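The values are calculated or read from the model by the stated rules, or taken from the named source; none is laboratory data. What you see is a predicted model; the values in this text were computed from it and never measured. For neighbour counting, all protein chains shown are included, and Cβ atoms are generated from backbone atoms with ideal geometry for every residue, glycine included. Ligands, DNA and RNA are excluded from the accessible area calculation, which covers all protein heavy atoms including side chains. Shrake-Rupley method; radii C 1.70, N 1.55, O 1.52, S 1.80 Å.
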Amino acid sequence: MRARELGRKSVVVGDRVGLVGDTSGAPGALARIVRIAERRSVLRRTAEDDATTAEGRLERVVVANADQLVIVSALADPPPRTGFIDRCLVAAYDADIEPLLCLTKADLAGPEAVLGYYTELELPYLLIRPDSDLAALRALLAGRISVMVGHSGVGKSTLVNRLVPEAERAVGVVSAIGRGRHTSTSAVALRLPPLASGDSSSARPAPRRDLEPPTDSDPGWIIDTPGVRSFGLAHVSAESLLHGFPDLVEATVDCPANCQHTAEEAECALDAWVAAGKADPRRLASYRRLLASRSGESGDPREPERNPGDPLAGS
């Protein structure tokens, strides 16, 4: 229960809280949340990109205090949607959370198209097959609080069940039109089982400064979230939106003052940057599509977007 003194202050998954009462966890035990510690990171999303709409003004806190955003995308059935991944990356960079791309169903299709799209970002990624050894993923999760996001049907809950067998997260199927059915209905934090002796890896990234190094007693946490169709970015400033596309940032140094970086800006340096082969034109198209969506110039962010000539689906 939340103490009345906290008023309307919401408590979300990942929050560190102070409790009073019976904290034994025994059946029938009752405790109250009386304090919410300051959050070191907050991952947010909105239903729409346009902050002038009611949906755009309504921010949803996905999780607090996460260190890592694990973006789960299937390589087939349903097809990968780079527009959605781009949105997640913007939200991660804005929240100062490290991204990790987890490509599932690698037995059904190759990763070349997706990895080629992100080749300039040096985005960390893992390929997951039904029979994959998850030791590499476990090493990247150890000692961290990681939140997993992805469209329904990409295998996120299946992956969670492999990592934490006792979780028993509901698993659905993909419909005939390539959309997953929502099976997880709420976010839940799950402590990972202790690392096996062979799971340690020299490739494991350094933990955050406020976390102890990974040990068998601290194998990390994962936060499983419901499958989402959209990841609105109305809460992200235009400047922060650009920093979600680090492969384009350097080019804007040569832009004129107050350049909006849209296709209508005749002197925008982004076009020359792409023409010189320094960035993928699909990345610029995705960035400008998000800019337009923020201005209410494009459709619902829940609708699929496609980059011209790109076989990968959009958002």
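Through the Karplus equation 6.51 cos²θ - 1.76 cosθ + 1.60, θ set to phi - 60°, convert the phi angles of region 62-69 into ³J(HN,Hα) values in whole Hz; use x for Gly and Pro.
Result, ordered by residue: 6, 6, 10, 6, 7, 9, 9, 9 Hz.
Roughly how many percent of the accessible protein surface of region 1-85 is carbon and sulfur, given a 1.4 Å probe and a whole-percent answer? Don't skip to the end; give the middle numbers.
Details: 2220 of 4540 Å².
With neighbouring chains kept in place, the figure for region 1-85 is 49 percent.
So what are the radius of gyration and Dmax for the Cα set of region 31-180, in Å?
16.4, 51
Accessible area, 1.4 Å probe, largest first: how do Lys156, Lys9 sort?
On the way: Lys156 10, Lys9 100 Å².
Sorted descending by solvent-accessible area, the residues read Lys9, Lys156.
Counting only residues 5 or more places away or on other chains, whose amide H sits under 5 Å from the amide H of Val63 once H atoms are built in the peptide plane?
Leu43
What is the calculated FRET efficiency for Val188 to Ala109, with r their C-beta to C-beta distance and R₀ = 35 Å, to the nearest 0.05?
So, using R0 = 35 Å, E works out to roughly 0.75.
Just how much of Ser73 is accessible, in Å², when a 1.4 Å probe is used and the result is rounded to the nearest 10?
Around 10 Å² of this residue is reachable by solvent.
Hey, with R₀ at 35 Å, roughly what FRET efficiency would Ala257 and Leu121 work out to, going by the Cβ-Cβ distance, to 0.05?
Values: r = 27 Å, r/R0 = 0.78.
Efficiency, from the Cβ-Cβ distance: 0.80.
At Ala266 and Arg16, where each label point lies 7 Å from the Cα along Cα→Cβ, what is the point-to-point distance in nanometres?
5.5
Please list, in order along region 245-262, the HN-Hα scalar couplings obtained from phi with the Karplus expression 6.51 cos²θ - 1.76 cosθ + 1.60 (θ = phi - 60°), rounded to whole Hz, x for Gly and Pro.
So the Karplus estimates, Gly and Pro as x, are 10, x, 6, 10, 4, 4, 5, 6, 4, 8, 6, x, 4, 6, 5, 8, 6, 8 Hz.
Skipping prolines and chain starts, which residues have an amide H placed within reach, meaning under 5 Å, of the one on Ile33, given they are 5 or more residues away or on another chain?
For Ile33, whose amide H was placed from the backbone, the distant partners under 5 Å are Arg2, Ala3.
Please state the charge dipole magnitude for region 37-101, taken about the Cα centre, from unit charges on C-beta atoms (+1 on K and R, -1 on D and E), reported in debye and rounded to the nearest 20. Before the final figure, lay out the partial values.
Working: 8 positive and 12 negative charges, 29 e Å.
With only Lys, Arg, Asp and Glu charged at Cβ, the dipole is about 140 debye.
Quick one: accessible surface of Asp22, probe radius 1.4 Å, all protein chains present, in square angstrom to the nearest 10.
Per-residue accessible area (Asp22): approximately 70 Å².
Please turn the phi angles of region 103-108 into ³J(HN,Hα) values with the Karplus equation 6.51 cos²θ - 1.76 cosθ + 1.60 (θ = phi - 60°), one per residue in order, whole Hz, x for glycine and proline.
Residue by residue, region 103-108 yields 9, 8, 6, 5, 7, 9 Hz.
Taking amide hydrogens as modeled 1.01 Å from N in the peptide plane, which residues meet the under 5 Å criterion relative to Leu195, leaving out close sequence neighbours?
none
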